[in-house]
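The values are calculated or read from the model by the stated rules, or taken from the named source; none is laboratory data. Since the structure is predicted, the reported quantities are computational estimates derived from the model, not experimental observations. Methodologically, a virtual Cβ is constructed for each residue, glycine included, from the backbone with ideal geometry; neighbour enumeration extends over all protein chains shown.
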Amino acid sequence: MKSVIVFIPTAYYLSDPIYTKVPRNKDFLYVYFDTSEASVAKVNTSHKVLIEDSFDFHIKLPPDMYSGTNTLLLLVSMHVKAWQIKRLLYRLNPKVIVSVTDGSLTAKVISRYFPETTFLLLQTALLNVLDKKFLRKRRKSYEVIYPFFERLLYPYFSSTFIFGLNHPKTKLLLWGETTKQVYKDSKQDQDVFLVGTPLLAGLENSNRGRKSILVLVPDPDSMDEQMIYFDEMVDLVRSLPEYDFILRTHPLRISPYLSQRCRDENISNAIIDDMKTSIIDRIVASDLVISSYSTATFDALSLKRPVFLYRKHVSPVLAYWFQSSTLPAFTDIQNLIESLRIFNWGGAARVVAENDAFLKETCAFTGQESLGKIAEVINKHAFMS
(Lines give C-alpha, C1' and ligand atoms only; values in the text may rest on other atoms or scores of the structure.)
Protein backbone atom coordinates (compact mmCIF):
# COMPACT_ATOMS: atom_id res chain seq x y z
CA MET A 1 0.00 0.00 0.00
CA LYS A 2 1.35 3.42 -0.94
CA SER A 3 2.21 5.95 1.73
CA VAL A 4 0.20 9.17 1.88
CA ILE A 5 1.50 12.74 1.60
CA VAL A 6 -1.07 15.38 2.55
CA PHE A 7 -0.94 18.95 1.21
CA ILE A 8 -2.86 21.65 3.11
CA PRO A 9 -3.31 24.97 1.26
CA THR A 10 -2.76 28.44 2.63
CA ALA A 11 -5.80 30.47 3.63
CA TYR A 12 -5.78 32.38 0.32
CA TYR A 13 -4.81 29.32 -1.76
CA LEU A 14 -1.63 31.10 -2.84
CA SER A 15 0.19 27.84 -2.21
CA ASP A 16 -1.67 26.07 -5.04
CA PRO A 17 0.63 27.19 -7.89
CA ILE A 18 3.48 25.65 -5.89
CA TYR A 19 1.67 22.48 -4.81
CA THR A 20 0.45 21.62 -8.29
CA LYS A 21 3.91 21.92 -9.83
CA VAL A 22 5.98 20.00 -7.29
CA PRO A 23 7.38 16.87 -9.05
CA ARG A 24 5.67 13.65 -7.93
CA ASN A 25 7.07 10.27 -6.89
CA LYS A 26 5.17 7.13 -7.93
CA ASP A 27 5.78 5.55 -4.52
CA PHE A 28 3.35 7.93 -2.77
CA LEU A 29 -0.30 8.99 -2.88
CA TYR A 30 -0.72 12.77 -3.01
CA VAL A 31 -3.78 14.15 -1.22
CA TYR A 32 -5.03 17.76 -1.36
CA PHE A 33 -6.73 18.47 1.97
CA ASP A 34 -8.83 21.62 1.63
CA THR A 35 -10.16 22.62 5.05
CA SER A 36 -12.12 25.59 3.67
CA GLU A 37 -10.43 28.07 5.98
CA ALA A 38 -10.07 30.70 3.27
CA SER A 39 -11.28 34.20 4.09
CA VAL A 40 -11.91 34.82 0.40
CA ALA A 41 -13.07 32.65 -2.47
CA LYS A 42 -10.62 31.09 -4.88
CA VAL A 43 -10.06 33.46 -7.77
CA ASN A 44 -8.81 30.97 -10.34
CA THR A 45 -11.79 29.54 -12.22
CA SER A 46 -9.72 26.58 -13.41
CA HIS A 47 -8.68 25.78 -9.84
CA LYS A 48 -10.84 22.65 -9.39
CA VAL A 49 -9.62 21.06 -12.63
CA LEU A 50 -6.00 21.94 -11.80
CA ILE A 51 -6.25 20.34 -8.35
CA GLU A 52 -7.97 17.19 -9.63
CA ASP A 53 -5.33 16.77 -12.34
CA SER A 54 -2.46 17.25 -9.89
CA PHE A 55 -3.50 15.09 -6.93
CA ASP A 56 -4.61 11.50 -6.44
CA PHE A 57 -7.37 12.61 -4.06
CA HIS A 58 -9.06 15.94 -3.30
CA ILE A 59 -10.73 16.11 0.13
CA LYS A 60 -12.79 19.21 0.88
CA LEU A 61 -14.27 19.98 4.29
CA PRO A 62 -17.43 22.10 4.55
CA PRO A 63 -17.02 25.80 5.48
CA ASP A 64 -17.01 26.80 9.12
CA MET A 65 -20.45 26.53 10.72
CA TYR A 66 -19.99 30.04 12.17
CA SER A 67 -17.77 32.96 11.13
CA GLY A 68 -19.18 35.90 13.10
CA THR A 69 -17.78 37.76 16.11
CA ASN A 70 -19.51 35.95 19.00
CA THR A 71 -16.60 34.40 20.90
CA LEU A 72 -18.55 31.44 22.28
CA LEU A 73 -20.04 30.46 18.91
CA LEU A 74 -16.68 30.98 17.24
CA LEU A 75 -15.01 28.68 19.76
CA VAL A 76 -17.67 25.98 19.21
CA SER A 77 -17.22 26.30 15.44
CA MET A 78 -13.45 25.97 15.75
CA HIS A 79 -13.82 22.84 17.91
CA VAL A 80 -16.14 21.27 15.33
CA LYS A 81 -13.68 22.03 12.53
CA ALA A 82 -10.77 20.69 14.61
CA TRP A 83 -12.70 17.47 15.24
CA GLN A 84 -13.31 17.08 11.47
CA ILE A 85 -9.65 17.66 10.72
CA LYS A 86 -8.47 15.18 13.36
CA ARG A 87 -10.90 12.46 12.26
CA LEU A 88 -9.89 12.64 8.60
CA LEU A 89 -6.17 12.82 9.28
CA TYR A 90 -6.34 9.82 11.59
CA ARG A 91 -7.97 7.88 8.75
CA LEU A 92 -5.43 9.03 6.18
CA ASN A 93 -2.47 8.34 8.49
CA PRO A 94 -0.08 10.38 6.32
CA LYS A 95 3.68 9.87 6.33
CA VAL A 96 4.23 13.57 5.72
CA ILE A 97 2.03 16.66 5.97
CA VAL A 98 3.01 19.65 3.84
CA SER A 99 1.56 22.95 4.96
CA VAL A 100 2.44 26.63 4.79
CA THR A 101 3.38 29.43 7.15
CA ASP A 102 -0.02 31.05 7.46
CA GLY A 103 -0.88 30.19 11.07
CA SER A 104 -4.11 28.34 10.17
CA LEU A 105 -6.23 26.39 12.63
CA THR A 106 -5.49 23.23 10.65
CA ALA A 107 -1.76 23.55 11.18
CA LYS A 108 -2.23 24.34 14.87
CA VAL A 109 -4.38 21.22 15.30
CA ILE A 110 -1.67 19.17 13.59
CA SER A 111 1.05 20.62 15.78
CA ARG A 112 -0.85 19.53 18.89
CA TYR A 113 -2.46 16.21 17.95
CA PHE A 114 0.00 14.72 15.45
CA PRO A 115 3.41 15.21 17.08
CA GLU A 116 4.86 12.04 15.51
CA THR A 117 4.00 12.98 11.93
CA THR A 118 6.65 14.78 9.92
CA PHE A 119 5.35 18.30 9.34
CA LEU A 120 6.92 20.29 6.49
CA LEU A 121 6.19 24.02 6.63
CA LEU A 122 6.72 25.83 3.35
CA GLN A 123 7.34 29.58 3.54
CA THR A 124 4.80 31.44 1.41
CA ALA A 125 4.83 34.88 3.02
CA LEU A 126 6.89 37.37 4.99
CA LEU A 127 6.77 35.65 8.36
CA ASN A 128 5.34 37.67 11.20
CA VAL A 129 7.25 35.78 13.86
CA LEU A 130 9.08 38.97 14.79
CA ASP A 131 5.94 40.42 16.38
CA LYS A 132 6.83 39.15 19.82
CA LYS A 133 10.36 40.47 19.70
CA PHE A 134 9.69 43.92 18.26
CA LEU A 135 6.11 44.98 18.70
CA ARG A 136 4.80 43.89 22.08
CA LYS A 137 5.28 46.24 25.01
CA ARG A 138 3.95 44.22 27.91
CA ARG A 139 3.45 44.91 31.56
CA LYS A 140 5.01 42.50 34.05
CA SER A 141 1.61 41.07 35.01
CA TYR A 142 0.86 40.41 31.33
CA GLU A 143 4.14 38.54 30.96
CA VAL A 144 3.06 36.16 33.73
CA ILE A 145 -0.62 35.71 32.85
CA TYR A 146 -0.52 35.53 29.05
CA PRO A 147 1.71 32.43 28.65
CA PHE A 148 -0.59 30.50 31.01
CA PHE A 149 -3.73 31.19 28.94
CA GLU A 150 -1.88 30.63 25.70
CA ARG A 151 -0.88 27.12 26.79
CA LEU A 152 -4.37 26.43 28.13
CA LEU A 153 -6.17 27.34 24.89
CA TYR A 154 -3.58 26.21 22.36
CA PRO A 155 -4.08 25.45 19.50
CA TYR A 156 -7.36 27.34 19.20
CA PHE A 157 -6.03 30.69 20.37
CA SER A 158 -2.32 31.17 20.04
CA SER A 159 -0.07 34.09 19.21
CA THR A 160 2.67 31.80 17.95
CA PHE A 161 2.74 32.57 14.26
CA ILE A 162 5.17 29.84 13.37
CA PHE A 163 3.39 27.03 15.16
CA GLY A 164 6.05 24.64 13.88
CA LEU A 165 8.25 25.75 16.77
CA ASN A 166 5.83 23.86 19.04
CA HIS A 167 5.89 20.67 16.94
CA PRO A 168 8.83 18.30 17.50
CA LYS A 169 9.00 16.95 13.92
CA THR A 170 8.55 20.20 12.02
CA LYS A 171 10.97 21.00 9.24
CA LEU A 172 11.02 24.55 7.87
CA LEU A 173 11.35 25.02 4.10
CA LEU A 174 12.45 28.64 3.87
CA TRP A 175 13.19 31.10 1.10
CA GLY A 176 16.76 31.92 2.05
CA GLU A 177 19.27 33.19 4.59
CA THR A 178 17.16 36.22 5.54
CA THR A 179 14.47 33.96 6.95
CA LYS A 180 16.88 31.44 8.39
CA GLN A 181 18.44 34.11 10.59
CA VAL A 182 15.06 34.63 12.30
CA TYR A 183 15.13 31.02 13.55
CA LYS A 184 18.79 30.56 14.32
CA ASP A 185 18.09 30.38 18.07
CA SER A 186 14.93 28.27 17.88
CA LYS A 187 15.48 25.58 15.22
CA GLN A 188 18.40 23.22 14.65
CA ASP A 189 20.23 23.42 11.32
CA GLN A 190 19.04 19.91 10.38
CA ASP A 191 15.42 21.12 10.65
CA VAL A 192 15.87 24.03 8.24
CA PHE A 193 16.05 23.72 4.45
CA LEU A 194 16.63 26.61 2.05
CA VAL A 195 14.43 25.89 -0.97
CA GLY A 196 13.74 29.38 -2.35
CA THR A 197 10.40 30.12 -3.96
CA PRO A 198 9.13 28.63 -7.24
CA LEU A 199 8.28 31.97 -8.83
CA LEU A 200 7.91 32.31 -12.56
CA ALA A 201 10.83 34.17 -14.05
CA GLY A 202 11.66 36.01 -17.24
CA LEU A 203 8.13 36.28 -18.66
CA GLU A 204 7.64 38.97 -21.26
CA ASN A 205 5.26 41.85 -20.78
CA SER A 206 2.49 41.50 -23.34
CA ASN A 207 1.69 45.22 -23.09
CA ARG A 208 3.45 47.10 -25.86
CA GLY A 209 1.48 50.34 -25.67
CA ARG A 210 1.27 52.79 -22.78
CA LYS A 211 3.23 52.01 -19.65
CA SER A 212 1.17 50.05 -17.15
CA ILE A 213 1.65 50.23 -13.37
CA LEU A 214 0.29 47.70 -10.90
CA VAL A 215 -0.45 49.22 -7.49
CA LEU A 216 -0.81 46.92 -4.47
CA VAL A 217 -2.85 49.20 -2.24
CA PRO A 218 -1.58 49.23 1.37
CA ASP A 219 -3.77 47.45 3.95
CA PRO A 220 -3.50 49.24 7.33
CA ASP A 221 -5.11 48.07 10.58
CA SER A 222 -8.14 50.37 10.53
CA MET A 223 -10.74 51.07 7.87
CA ASP A 224 -10.36 54.81 8.46
CA GLU A 225 -6.71 54.59 7.42
CA GLN A 226 -7.74 52.42 4.48
CA MET A 227 -10.03 55.18 3.21
CA ILE A 228 -7.11 57.61 3.30
CA TYR A 229 -5.09 55.23 1.13
CA PHE A 230 -8.03 54.87 -1.27
CA ASP A 231 -8.20 58.66 -1.66
CA GLU A 232 -4.46 58.76 -2.28
CA MET A 233 -4.80 56.16 -5.02
CA VAL A 234 -7.23 58.47 -6.80
CA ASP A 235 -4.72 61.33 -6.49
CA LEU A 236 -2.01 59.06 -7.87
CA VAL A 237 -3.80 58.01 -11.05
CA ARG A 238 -5.29 61.48 -11.64
CA SER A 239 -1.83 63.09 -11.37
CA LEU A 240 -0.25 60.71 -13.91
CA PRO A 241 -2.61 60.48 -16.92
CA GLU A 242 0.27 59.26 -19.10
CA TYR A 243 0.17 55.86 -17.33
CA ASP A 244 -2.41 53.10 -17.07
CA PHE A 245 -2.98 51.77 -13.54
CA ILE A 246 -4.33 48.57 -12.04
CA LEU A 247 -5.31 49.10 -8.40
CA ARG A 248 -5.34 45.84 -6.44
CA THR A 249 -6.57 45.92 -2.85
CA HIS A 250 -5.94 43.32 -0.17
CA PRO A 251 -8.60 40.54 -0.33
CA LEU A 252 -9.89 41.56 3.09
CA ARG A 253 -10.07 45.25 2.16
CA ILE A 254 -12.27 45.05 -0.93
CA SER A 255 -14.64 48.00 -0.90
CA PRO A 256 -16.89 49.76 -3.43
CA TYR A 257 -15.54 53.09 -2.17
CA LEU A 258 -12.47 53.14 -4.43
CA SER A 259 -14.48 52.29 -7.56
CA GLN A 260 -17.02 54.97 -6.70
CA ARG A 261 -14.31 57.61 -6.21
CA CYS A 262 -12.82 56.77 -9.60
CA ARG A 263 -16.23 57.14 -11.23
CA ASP A 264 -16.92 60.41 -9.44
CA GLU A 265 -13.58 61.79 -10.63
CA ASN A 266 -14.09 60.49 -14.19
CA ILE A 267 -10.86 58.51 -13.95
CA SER A 268 -10.21 56.74 -17.26
CA ASN A 269 -6.64 55.49 -16.82
CA ALA A 270 -7.23 53.05 -13.96
CA ILE A 271 -9.14 49.83 -13.33
CA ILE A 272 -9.95 48.29 -9.96
CA ASP A 273 -8.76 44.69 -9.91
CA ASP A 274 -11.69 42.27 -9.59
CA MET A 275 -9.38 39.64 -8.02
CA LYS A 276 -10.28 37.10 -10.72
CA THR A 277 -6.79 37.30 -12.22
CA SER A 278 -3.76 35.93 -10.39
CA ILE A 279 -1.18 38.34 -9.01
CA ILE A 280 1.47 36.74 -11.25
CA ASP A 281 -0.56 37.48 -14.38
CA ARG A 282 -1.08 41.05 -13.22
CA ILE A 283 2.65 41.54 -12.68
CA VAL A 284 3.48 40.05 -16.07
CA ALA A 285 1.10 42.53 -17.74
CA SER A 286 2.67 45.49 -15.91
CA ASP A 287 5.81 47.52 -16.52
CA LEU A 288 6.32 48.58 -12.89
CA VAL A 289 4.90 47.52 -9.52
CA ILE A 290 4.16 49.70 -6.51
CA SER A 291 4.16 47.41 -3.49
CA SER A 292 3.06 48.02 0.09
CA TYR A 293 5.91 45.83 1.41
CA SER A 294 3.98 42.67 0.51
CA THR A 295 5.19 39.21 -0.46
CA ALA A 296 4.29 40.04 -4.06
CA THR A 297 7.36 42.33 -4.07
CA PHE A 298 9.50 39.24 -4.54
CA ASP A 299 7.23 37.93 -7.30
CA ALA A 300 7.73 41.23 -9.10
CA LEU A 301 11.51 41.19 -8.61
CA SER A 302 11.73 37.62 -9.87
CA LEU A 303 9.70 38.64 -12.91
CA LYS A 304 12.26 41.42 -13.55
CA ARG A 305 9.94 44.35 -12.87
CA PRO A 306 11.07 47.61 -11.25
CA VAL A 307 9.46 47.96 -7.81
CA PHE A 308 8.64 51.03 -5.73
CA LEU A 309 7.62 50.64 -2.08
CA TYR A 310 4.88 52.82 -0.63
CA ARG A 311 3.45 52.80 2.89
CA LYS A 312 2.93 55.65 5.35
CA HIS A 313 4.02 53.64 8.39
CA VAL A 314 6.39 50.69 8.14
CA SER A 315 6.41 48.30 11.10
CA PRO A 316 9.68 46.79 12.35
CA VAL A 317 8.46 43.43 11.07
CA LEU A 318 8.19 44.68 7.49
CA ALA A 319 11.33 46.78 7.79
CA TYR A 320 13.31 43.66 8.70
CA TRP A 321 12.60 41.99 5.35
CA PHE A 322 13.62 45.03 3.31
CA GLN A 323 16.56 46.32 5.35
CA SER A 324 19.12 45.34 2.71
CA SER A 325 17.07 46.34 -0.33
CA THR A 326 17.85 49.24 -2.64
CA LEU A 327 14.20 49.61 -3.67
CA PRO A 328 12.93 53.20 -3.74
CA ALA A 329 10.72 53.58 -0.64
CA PHE A 330 8.17 56.33 -0.04
CA THR A 331 5.97 57.40 2.84
CA ASP A 332 4.48 60.45 1.10
CA ILE A 333 2.22 60.08 -1.93
CA GLN A 334 3.39 63.31 -3.56
CA ASN A 335 7.00 62.17 -3.50
CA LEU A 336 5.93 58.89 -5.09
CA ILE A 337 4.02 60.74 -7.82
CA GLU A 338 6.99 62.95 -8.61
CA SER A 339 9.37 59.98 -8.82
CA LEU A 340 7.07 58.18 -11.24
CA ARG A 341 6.75 61.34 -13.32
CA ILE A 342 10.52 61.55 -13.87
CA PHE A 343 11.25 57.80 -13.88
CA ASN A 344 13.82 56.87 -16.55
CA TRP A 345 12.27 53.89 -18.32
CA GLY A 346 15.38 53.52 -20.43
CA GLY A 347 17.31 52.61 -17.26
CA ALA A 348 14.75 50.10 -15.97
CA ALA A 349 17.00 47.14 -16.81
CA ARG A 350 19.78 48.57 -14.68
CA VAL A 351 17.36 49.06 -11.77
CA VAL A 352 16.24 45.43 -12.05
CA ALA A 353 19.83 44.20 -12.10
CA GLU A 354 20.60 46.14 -8.92
CA ASN A 355 17.74 44.33 -7.19
CA ASP A 356 18.98 40.85 -8.07
CA ALA A 357 21.39 40.68 -5.12
CA PHE A 358 18.56 41.53 -2.69
CA LEU A 359 16.31 38.92 -4.29
CA LYS A 360 18.99 36.21 -4.11
CA GLU A 361 19.68 37.03 -0.47
CA THR A 362 16.01 36.57 0.34
CA CYS A 363 15.26 33.68 -2.03
CA ALA A 364 18.03 31.14 -2.45
CA PHE A 365 16.39 29.47 -5.45
CA THR A 366 13.57 30.24 -7.89
CA GLY A 367 11.58 28.51 -10.61
CA GLN A 368 12.21 24.85 -11.45
CA GLU A 369 15.28 24.73 -9.24
CA SER A 370 13.16 25.68 -6.23
CA LEU A 371 10.47 23.14 -7.13
CA GLY A 372 13.16 20.48 -7.33
CA LYS A 373 14.48 21.43 -3.89
CA ILE A 374 10.97 21.23 -2.38
CA ALA A 375 10.32 17.82 -3.96
CA GLU A 376 13.70 16.60 -2.71
CA VAL A 377 12.87 17.53 0.90
CA ILE A 378 9.36 16.02 0.71
CA ASN A 379 10.59 12.72 -0.75
CA LYS A 380 13.47 12.50 1.70
CA HIS A 381 11.19 12.76 4.73
CA ALA A 382 8.47 10.58 3.22
CA PHE A 383 10.97 7.73 2.81
CA MET A 384 12.45 8.34 6.26
CA SER A 385 9.12 8.43 8.15
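Which residues, taken from region 236-290, are among the acidic types (Asp, Glu) and either surrounded by fewer than 16 Cβ atoms within 10 Å (Cβ to Cβ) or in a strand (DSSP E or B) (or both)?
Glu242, Asp244, Asp264, Glu265, Asp274, Asp281
Quick one: in region 169-212, which of the residues that are modelled with pLDDT of 80 or more and over 21 Å from the mean Cα position of the chain (by Cα) is farthest from Val352 (Cα to Cα)?
This residue is Lys169.
If the requirement is being outside the structural domain of Gln123 (by TED's automatic domain parsing) and of a type in the set (A, V, I, L, M), which of these qualifies: Ala348, Ala375?
It is Ala348.
Within region 322-331, track down each residue that is over 15 Å from Val215 (Cα atoms) and either over 25 Å from the mean Cα position of the chain (by Cα) or polar (S, T, N, Q) (or both).
Result: Gln323, Ser324, Ser325, Thr326.
Residues checked against (1) modelled with pLDDT of 90 or more; (2) within 20 Å of the chain's Cα centre (by Cα):
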position	(1), (2)
Asn266	yes, no
Ala270	yes, no
Lys276	no, yes
Arg282	no, yes
Val289	yes, yes
Phe298	no, yes
Val307	yes, yes
Leu318	no, yes
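I'm checking my understanding of the structure. Among residues of region 91-114 that are over 18 Å from Lys60 (Cβ atoms) and either among the polar types (S, T, N, Q) or modelled with pLDDT of 85 or more (or both), which one is surrounded by the fewest Cβ atoms within 10 Å (Cβ to Cβ)?
Only one residue tops the list, namely Asn93.
List the number of the failed condition for Ser302; all other conditions in (1) touching a Ser or Thr at 6+ places or on another chain (Cβ under 6 Å); (2) small (Gly, Ala, Ser); (3) not assigned by TED's automatic domain parsing to the domain that holds Tyr229 hold.
Evaluating Ser302 over (1) touching a Ser or Thr at 6+ places or on another chain (Cβ under 6 Å); (2) small (Gly, Ala, Ser); (3) not assigned by TED's automatic domain parsing to the domain that holds Tyr229 leaves (3) as the failure.
Could you tell me whether Thr326 is loosely packed, with under 14 Cβ neighbours inside 10 Å and in contact with a Phe, Trp or Tyr (Cβ under 8 Å, 6 or more places away or on another chain)?
On the way: loosely packed, with under 14 Cβ neighbours inside 10 Å: yes; in contact with a Phe, Trp or Tyr (Cβ under 8 Å, 6 or more places away or on another chain): yes.
So Thr326 fits the description; yes.
Counting just the residues of region 336-345 that are of a type outside the set (S, T, N, Q) and modelled with pLDDT of 90 or more, which one comes out surrounded by the fewest Cβ atoms within 10 Å (Cβ to Cβ)?
Out of the qualifying residues, it is Ile342.
Which pairs do you get when a residue that is in contact (Cβ under 8 Å) with a residue 60 or more places away in the chain, found in region 357-370, comes within reach of a residue that is of a type in the set (Lys, Arg), reach meaning Cβ atoms under 6 angstrom, with the pair 6+ apart or on two chains?
From residues that are in contact (Cβ under 8 Å) with a residue 60 or more places away in the chain, the pairs are Phe365/Lys373.
Yes/no per residue for (1) at pLDDT 80 or above; (2) charged (D, E, K, R); (3) part of a helix (DSSP H, G or I); (4) more than 22 Å from the chain's Cα centre (by Cα):
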residue	(1), (2), (3), (4)
Gln334	yes, no, yes, yes
Gly347	yes, no, yes, yes
Val352	no, no, yes, yes
Asn355	yes, no, yes, no
Gln368	yes, no, yes, no
Lys373	yes, yes, yes, no
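Can you tell me how many residues within region 16-59 are at pLDDT 75 or above and either assigned to a loop (DSSP other than H, G, I, E, B) or among the polar types (S, T, N, Q) (or both)?
12
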